[in-house]
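The values are calculated or read from the model by the stated rules, or taken from the named source; none is laboratory data. Just so we're clear, the structure is a prediction, and the values are computed from it rather than from any experiment. Methodologically, a virtual Cβ is constructed for each residue, glycine included, from the backbone with ideal geometry; neighbour enumeration extends over all protein chains shown.
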Amino acid sequence: MENKIYSKVYRIVHWLIALSMLFLLLTVFLRLGWMNKVHIADIIKQYLSTTKQTLSDEQLMVLAKQIRKPMWDWHIYMGYVLVGLYVIRLLLPIFDEMKFRNPFNKELSLKVKFQYAVYLLFYLCVAVSLITGLVIELGSKELKEPMEEIHALSIYYLLAFIVIHFAGVLMAEFTNQKGIISKMVSGSN
């Protein structure tokens, strides 16, 4: 068993990336659920019916989108934050922090190869999400729709990674790497 020591920089970057991704996920769930434009439009329509006022379905949808826009703006802002954190994460190995591990190293066990491959795939998926998000916000209008379709798939890899990551951490904590959680929080057991 490898006894890893997680530096302060490693832990800070890890938790900032984790929290920003969870925040992004929260904004997606809000947009798909409680802050869904159709749901908000229905609430407005029901309220207006009690006041004997009406708006067209198109007007209701425009109003619903305006109500949820500030929440979605935070998704975009946090996306920019995650771009910065991702760039920092890519640069850290230069300073001997948070090295990327090679999953094709023949000396590694199958379990460790799998772990490293999952992280590599995760970082590639994050890159696709960040690039498509930037193109949606900063790119040409012709690319917006196809990039949105690709970007929307981010939720699937992110949820899968979270489940795999938590399962792996819990397995490690209760088997051969006791204290891994406290090391990632405080830097020591």
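Annotations
- Scope the range 69-94; condition free of Cβ contacts under 8 Å to residues at least 40 places away in the same chain and either of a type outside the set (Lys, Arg) or crowded, with 16+ Cβ neighbours inside 10 Å (or both); matching residues: Pro70, Asp73, Tyr77, Tyr80, Gly84, Val87, Leu90, Leu91, Pro93, Ile94
- Condition met for Leu60 (in a loop (DSSP other than H, G, I, E, B), farther than 30 Å from Ser188 by Cα and in contact with a Lys or Arg (Cβ under 8 Å, 6 or more places away or on another chain)): no
- Test result for Ile150, over 24 Å from Lys4 (Cα atoms) and in contact with a Ser or Thr (Cβ under 7 Å, 6 or more places away or on another chain): yes
- Residues within the range 98-113 that are more than 20 Å from Val9 (Cβ to Cβ) and either surrounded by 14 or more Cβ atoms within 10 Å (Cβ to Cβ) or touching an Asp or Glu at 6+ places or on another chain (Cβ under 6 Å) (or both), tallied: 4
- Contact map, the range 46-68: residues that are surrounded by 11 or more Cβ atoms within 10 Å (Cβ to Cβ) paired with residues that are β-branched (Val, Ile, Thr) and modelled with pLDDT under 95, Cβ distance under 8 Å, separation 6+ or inter-chain. Pairs shown: Leu48/Thr54.
- Restricting attention to the range 1-34, the residues being surrounded by 13 or more Cβ atoms within 10 Å (Cβ to Cβ) and either assigned by TED's automatic domain parsing to the domain that holds Ser186 or more than 19 Å from the chain's Cα centre (by Cα) (or both) number 3.
- Among the residues of the range 98-142, the ones that are in contact (Cβ under 8 Å) with a residue 40 or more places away in the chain and either more than 16 Å from Ile88 (Cα to Cα) or more than 17 Å from the chain's Cα centre (by Cα) (or both) come to 6 in all.
- Every residue from the range 143-189 that is outside any helix (DSSP H, G or I) and among the β-branched types (Val, Ile, Thr): Thr175
- Met78 in a helix (DSSP H, G or I), touching a Lys or Arg at 6+ places or on another chain (Cβ under 8 Å) and either closer than 21 Å to Leu24 by Cβ or among the aliphatic types (A, V, I, L, M) (or both): no
- Residues satisfying the stated conditions in the range 81-124, i.e. assigned to a loop (DSSP other than H, G, I, E, B) and either modelled with pLDDT of 95 or more or on the phi > 0 side of the Ramachandran plot (or both): Asp96, Met98
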